[in-house]
Amino acid sequence: MSGLSLKDVNAAYGKSHILHDVSLEIASGQVVTLLGRNGAGKTTTIRTIAGLLEPLSGSIRLDGEDLTRLRADQIVRRGVVCVTEGRGVFTHLTARENLELVERKGQDWTLERVLDEFPIVQPLLSRPGGGLSGGEQQILAIARALMLDPRVLLLDEPSQGLAPVMVERVLDVLARLRASGLSMLIVEQKLDIALEVAEYAYVLENGRVALHAPCSELSADPAIVNRFLGVSI
């Protein structure tokens, strides 16, 4: 298969078994969202894919290559890049310095390309990371991830804690990336955003895949969404 796939992945924190035989697929160029109530295992899935948590069993593959036991830095070099919930912005560095830290010769995504395709980054360049709002830090974190030349971009709660105006700006960035053909896996609590940006959804319940379907089908069946997520659409 072309893309990222998980097959029967189990993961735990110590004696707490969180993921139970989780299988999912993200085809090349596809945007997938991972949904579920708090504690369902969404962030654990992202961390396991990114190499921040070693799975107990199962396999994780990118375009057929086994990533299961690789270190996080090796996984990044193969093109799976994660924007974590905390964003990881270096607060004492300017936005430009945050971006230049990961810039490499010969990569597709350069600082020039980021600024050309996402002009919203330009006004941030001279400001320290610690002086940016939460939404501005999120945009910077996504821009920095792009400069690692991702084949698959993992995003954990990209709209969390943001003012509505910044949510719209982040949503615009994600829509542009989707249009560019970048594969993405998005964990998002705001259901309307998740279903708008993504094409396909997996729903976790107690660490297991309880449901998976096109986002259009979930949008058309509020009863299913309410049953598994406890929200109305």
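Please find, within the range 57-91, the residue that is nearest to GLY129 (Cα to Cα) out of those that are polar (S, T, N, Q) and touching a residue at least 24 places away in the same chain (Cβ under 8 Å).
Checked the range 57-91; the qualifying residue nearest to GLY129 (Cα to Cα) is THR91.
Which of the numbered conditions does GLY161 fail, given that it passes all the others? Conditions: (1) at positive phi; (2) without any contact (Cβ under 8 Å) to a residue 60 or more places away in the chain; (3) in contact with a strand residue (DSSP E or B) (Cβ under 8 Å, 6 or more places away or on another chain).
(3)
For the range 172-183, indicate whether the set of residues that are hydroxyl-bearing (Ser, Thr, Tyr) and farther than 26 Å from ASP8 by Cα is non-empty. Please lay out each step first, then the result.
Just the residues of the range 172-183 that are hydroxyl-bearing (Ser, Thr, Tyr), to begin with: 180, 183.
Next cut, farther than 26 Å from ASP8 by Cα only: 180.
The answer is yes; a qualifying residue exists.
Filtering the range 69-106 down to residues that are over 20 Å from ARG47 (Cα atoms) and small (Gly, Ala, Ser), which residue is modelled with the highest pLDDT?
ALA95
For GLN122, state whether it is touching a residue at least 40 places away in the same chain (Cβ under 8 Å) and either in a helix (DSSP H, G or I) or under 18 Å from PRO150 (Cβ atoms) (or both). Please lay out each step first, then the result.
On the way: touching a residue at least 40 places away in the same chain (Cβ under 8 Å): no; either in a helix (DSSP H, G or I) or under 18 Å from PRO150 (Cβ atoms) (or both): yes.
No: the conditions fail for GLN122.
Give me the pairs, please: first residue somewhere in the range 183-208 and β-branched (Val, Ile, Thr), second residue anywhere and assigned to a loop (DSSP other than H, G, I, E, B), beta-carbon distance under 7 Å, and either six or more positions apart or on two chains.
ILE186/PRO158; ILE186/ALA198; VAL187/GLU157; ILE193/SER159
The values are calculated or read from the model by the stated rules, or taken from the named source; none is laboratory data. Here the structure is a predicted model, which is why all the values come from computation and not from measurement. Here the Cβ is made from the backbone with ideal geometry for all residues, glycine too, and neighbour counts use every protein chain on show.
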